[in-house]
Amino acid sequence: MKTKIAIQGIKGSNHYKALTELFNEKEVDALECTTFQRLISAVVTGESEKAVMAIENSIAGSILPNYRLILDHQLQITAEYYLNISHNLVALPSQDLEDLVEVKSHQMALHQCSNFFSNQFHINLIEDVDTALPAQIIAQQQIFGAGALVPKGTAELFNLKVIAEDVQNNSLNETRFVVIEKQANTHPEVNKATIQFEIAHESGSLAKVLNKMAEHELNLSKIQSIPIPYDIWRYAFIVDVSFSNPIHFQKAFSEISKISINPTCVGQYKSGKS
């Protein structure tokens, strides 16, 4: 039986691309979700065994609402994957750049291709829920004057024409995806973890936590503040750490738990970077 895995978007989207590069395509069944809330709900209710979800981009930064969804539903990060992002502008085979009056895609894709469209005054940029869905609709409904920003390979799925390749602002563009599950499923080669904690409003509180990480040989690869719901202007911290020995992490987290508030291990997994 195939493993059902939820993604945001449809076949041809970056989420689908990440899914098929993380897992054997023949062994998984993608549950296509229009929103991240729907994706999370599928995992919580057991409709899907796990989910693949974008969590940050090397240019645009962290997707804080997705962190909040993971935390609020007490889910676990069990793996990560870094996908190189490239955007192609596509349309019907008979269309050229000057024929387009609108281009649709996910807001993140539009943001990452802003330079290309900065002098295309005849084109109206429209946000959509996904990178692949607008392309599918253009093909199905044979919409003239409309284009879509899609990942490489998506044009071929819908028999569309690539008008311009690699139109992203920066070729060094990666999105980090994480695998989300209800239960921790630690990889035998675990060398990375994500934790969340709050600290008291006292001088040096954060420094004490960071010092504990250093004492136990944890490498801090990311620290991100995130608002605490219903407690205005108070923030928690989400931290990614890497380590050579899981015991070092366990000892560090035990000590951090004593000097922080509401500490949570959001997941232990193998780093997606070699």
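The values are calculated or read from the model by the stated rules, or taken from the named source; none is laboratory data. If you're wondering where the values come from, they're calculated on a predicted model, not measured in any experiment. When we count neighbours, we look across all protein chains shown, and the Cβ atoms used for this are built from the backbone with ideal geometry, even at glycine. Please note that ligands, DNA and RNA were not included when accessible areas were found on the heavy atoms of the full protein model with its side chains. Shrake-Rupley method; radii C 1.70, N 1.55, O 1.52, S 1.80 Å.
What strands (runs of 3 or more DSSP E) lie completely within region 144-254 and have 2 or more residues being in contact with a helix residue (DSSP H, G or I) (Cβ under 6 Å, 6 or more places away or on another chain) and either of a type in the set (Asp, Glu) or free of Cβ contacts under 8 Å to residues at least 60 places away in the same chain (or both)? Step through it out loud before you land on a result.
Numbers: elements: 146-150, 161-164, 174-181, 192-198, 219-227, 235-242.
Those strands (runs of 3 or more DSSP E) span 146-150.
Can you tell me which residue is least open to solvent (accessible area, probe 1.4 Å) among those in region 18-34 that are under 21 Å from HIS106 (Cα atoms), in contact with a Ser or Thr (Cβ under 9 Å, 6 or more places away or on another chain) and outside any helix (DSSP H, G or I)?
Ranking the qualifying residues of region 18-34, first place goes to CYS33.
When region 35-67 is examined, which residues are found to be of a type in the set (S, T, N, Q) and either within 15 Å of THR3 (Cβ to Cβ) or not in a strand (DSSP E or B) (or both)?
Just the residues of region 35-67 that are of a type in the set (S, T, N, Q), to begin with: 35, 37, 41, 45, 48, 57-58, 62, 66.
Scanning region 35-67 gives THR35, GLN37, SER41, THR45, SER48, SER58, ASN66.
In region 88-134, which residue that is acidic (Asp, Glu) and under 18 Å from TYR16 (Cα atoms) is nearest to the chain's Cα centre (by Cα)? I'd like the intermediate steps shown before the answer.
Here is the first cut: in region 88-134, the ones acidic (Asp, Glu) are 96, 98-99, 102, 127-128, 130.
Cutting the leftovers down to under 18 Å from TYR16 (Cα atoms) gives us 128, 130.
Details: ASP128: 17, ASP130: 13 Å.
Within region 88-134, the match that is nearest to the chain's Cα centre (by Cα) is ASP130.
In this structure, does LYS4 turn out to be surrounded by fewer than 19 Cβ atoms within 10 Å (Cβ to Cβ), farther than 17 Å from GLN76 by Cβ and modelled with pLDDT under 95?
On the way: surrounded by fewer than 19 Cβ atoms within 10 Å (Cβ to Cβ): yes; farther than 17 Å from GLN76 by Cβ: yes; modelled with pLDDT under 95: no.
Here the answer is no, as LYS4 does not meet what is asked.
Looking at (1) open to solvent by 30 Å² or more (accessible area, probe 1.4 Å); (2) in contact with a Ser or Thr (Cβ under 6 Å, 6 or more places away or on another chain), which is the only condition HIS201 fails?
(2)
Return yes when GLU127 is assigned to a helix (DSSP H, G or I), open to solvent by 10 Å² or more (accessible area, probe 1.4 Å) and farther than 30 Å from LYS270 by Cβ and no when it is not.
Details: assigned to a helix (DSSP H, G or I): no; open to solvent by 10 Å² or more (accessible area, probe 1.4 Å): yes; farther than 30 Å from LYS270 by Cβ: yes.
Criteria not met by GLU127.
May I ask you to verify whether ILE143 is open to solvent by less than 20 Å² (accessible area, probe 1.4 Å) and at pLDDT 95 or above?
Values: open to solvent by less than 20 Å² (accessible area, probe 1.4 Å): no; at pLDDT 95 or above: yes.
In short, no.
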